[in-house]
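Inspection log for the structure reproduced underneath, given as structure tokens.
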Amino acid sequence: MRTILELQKRLKTETSFRRKYPNCKENDDTIHLLYVSPCLDATGYYRAITPALELNKTASHTAIITKIETFDFNKRFEDYENLIDEQLLYWADYIIFPVIFSDVDFFIKAIRVLRPDVQLVMDVDKNYTAIPQSHTMSRKIGTRDKEQLLSNMISMDIVTTATKPLSNFYKKLLLQNFPNHTTHVVQLPSLVSRLGYEEIPPLKRNDSQIIRIGILGSKSQLSDLLVLKELVAKTKEVLKEGVQFVCYGWNGQDIQGELVLKGLAVEYHKPVAFENHFKTLNDLALDIVLLPSEKNRFSQCEPYTTLLECAVYGIPAIASVYHPAKQVLKEGETGLLAETSDDWVKSILRLVKDKALREQMGKNALKSIWMEQHFTSRQLQLFQDLFI
């Protein structure tokens with residue numbers, strides 16, 4: 001994360017344009033990508049910051065990030081300072097925006113007048129159209145916001161999405177609502193990058209006899225996490241003191257402040273700033289991670305980055321058949337899939353009791369992710385083929 005934090009500091013404090021944006025060279029025979037104001041959170045990291053820095057390693061593309069914002073849940077993109085320097089505007093071949101819910105029609109038209117040949121891109125990380133009422137985001141993003149988002153999408157040349165189901169959803173929705181739109185909707189995968197793991201010590205392993213089972217999430221995903229209540233109780237009943245459930249990113253409370261897993265011994269860890277996230281995950285020394293999910297369009301279109309992060313640390317996952325992790329998890333090789341409560345308990349017991357299987361799945365997951373889900377030349381080709 002050192003490289004990213006140094007970049008964030010330079011973009012924030014440097015006043016000289018040339019020192020702030022040393023890549024801004026007009027006649028370098030590369031394709032120029034301008035990423036506008038990503039936040040240093042999971043979305044900004046996976047969807048803008050690491051793609052930009054990894055593309056800068058190629059001979060074909062040059063990427064500039066206008067500014068890296070500090071994430072604030074109470075802010076949306078339009079609440080941040082999003083001015084684009086005129087020199088950058090004329091430099092760019094593609095301008096890549098995060099999700100925008102406000103009316104940007106005037107802004108887009110102004111760019112089109114100044115740069116009629118520039119390609120405008122919006123990256124969409126979640127299914128904002130299908131947010132369930134139980135999700136905290138539903139109180140922040142209303143019907144008018146969702147309608148404006150669709151309107152903004154069709155003012156773009158390209159919409160990129162985090163997953164294939166999300167791409168298919170918005171392709172269909174835009175066609176239904178705007179039959180004559182010309183926006184190209186395509187998936188660009190979220191990939192792991194070594195830039196996030198700089199200065200992190202070797203993989204930390206659990207050296208106790210008690211198996212540590214991770215439940216990763218936040219209160220915003222409460223509807224998904226609630227499905228764990230029964231299986232945690234069942235597992236503890238069978239294994240007694242042989243397992244320790246570890247919640248990271250969730251304090252165990254529902255919206256009313258009541259403990260969901262009341263009466264069960266669970267270890268809780270608060271969420272941390274994203275720059276400390278990878279180190280914290282390593283420090284937890286988990287043996288297994290659980291990835292629950294409800295059967296709805298929102299959950300099934302979510303990014304599968306939690307699975308990627310666990311695999312980097314060699315942690316095998318048990319994921320819901322409705323979780324987007326199913327898109328990259330290899331059943332029986334890098335993890336297990338579960339649907340019913342009995343499936344979950346059987347899968348947990350299988351990995352808890354079979355140390356050799358658990359460790360082999362972890363090794364397989366680590367190897368698979370770095371071979372297939374990071375910025376290899378094959379994966380980078382997807383970006384290079386889109387931005388031509």
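The values are calculated or read from the model by the stated rules, or taken from the named source; none is laboratory data. Bear in mind the structure is a predicted one, so any value in this text is a computation, not a measurement. Please note: Cβ atoms are built from the backbone with ideal geometry, for glycine as well, and neighbour counts cover all protein chains shown. SASA here: full protein model, heavy atoms, side chains in, ligands and nucleic acids out. Shrake-Rupley method; radii C 1.70, N 1.55, O 1.52, S 1.80 Å.
Points worth noting:
- Considering Ile65, Ile100, the condition of being among the aliphatic types (A, V, I, L, M), at pLDDT below 95, crowded, with 20+ Cβ neighbours inside 10 Å and in contact with a strand residue (DSSP E or B) (Cβ under 8 Å, 6 or more places away or on another chain) is satisfied by Ile100 alone.
- Lone unmet requirement of (1) open to solvent by less than 60 Å² (accessible area, probe 1.4 Å); (2) out of contact with any helix residue (DSSP H, G or I) (no Cβ under 7 Å at 6 or more places or on another chain); (3) part of a loop (DSSP other than H, G, I, E, B) for Thr58: (2)
- Of all residues in the stretch 121-153 being closer than 17 Å to Ser299 by Cα and polar (S, T, N, Q), the one that is surrounded by the fewest Cβ atoms within 10 Å (Cβ to Cβ): Gln133
- The numbered conditions (1) modelled with pLDDT under 90; (2) open to solvent by 20 Å² or more (accessible area, probe 1.4 Å) are all true for Glu267 except (1).
- Leu329 vs. criteria over 24 Å from the mean Cα position of the chain (by Cα), surrounded by 19 or more Cβ atoms within 10 Å (Cβ to Cβ) and not hydroxyl-bearing (Ser, Thr, Tyr): no
- Unique match (being assigned to a helix (DSSP H, G or I) and either closer than 22 Å to Lys330 by Cβ or not basic (Lys, Arg) (or both)) among Glu275, Glu294, Glu267: Glu275
- Scanning the stretch 75-97 for residues that are modelled with pLDDT under 95 and assigned to a loop (DSSP other than H, G, I, E, B) yields Lys75, Arg76, Tyr80, Glu81, Asn82, Leu83, Ile84, Asp85.
- Total residues in the stretch 323-351, condition of a type in the set (Val, Ile, Thr) and in a loop (DSSP other than H, G, I, E, B): 3
- Single unsatisfied condition, Asn152 versus (1) closer than 26 Å to Ile84 by Cβ; (2) under 20 Å from the mean Cα position of the chain (by Cα): (2)
- Test: Ile49 is β-branched (Val, Ile, Thr), closer than 18 Å to Arg19 by Cα, open to solvent by less than 30 Å² (accessible area, probe 1.4 Å) and at pLDDT 95 or above: no
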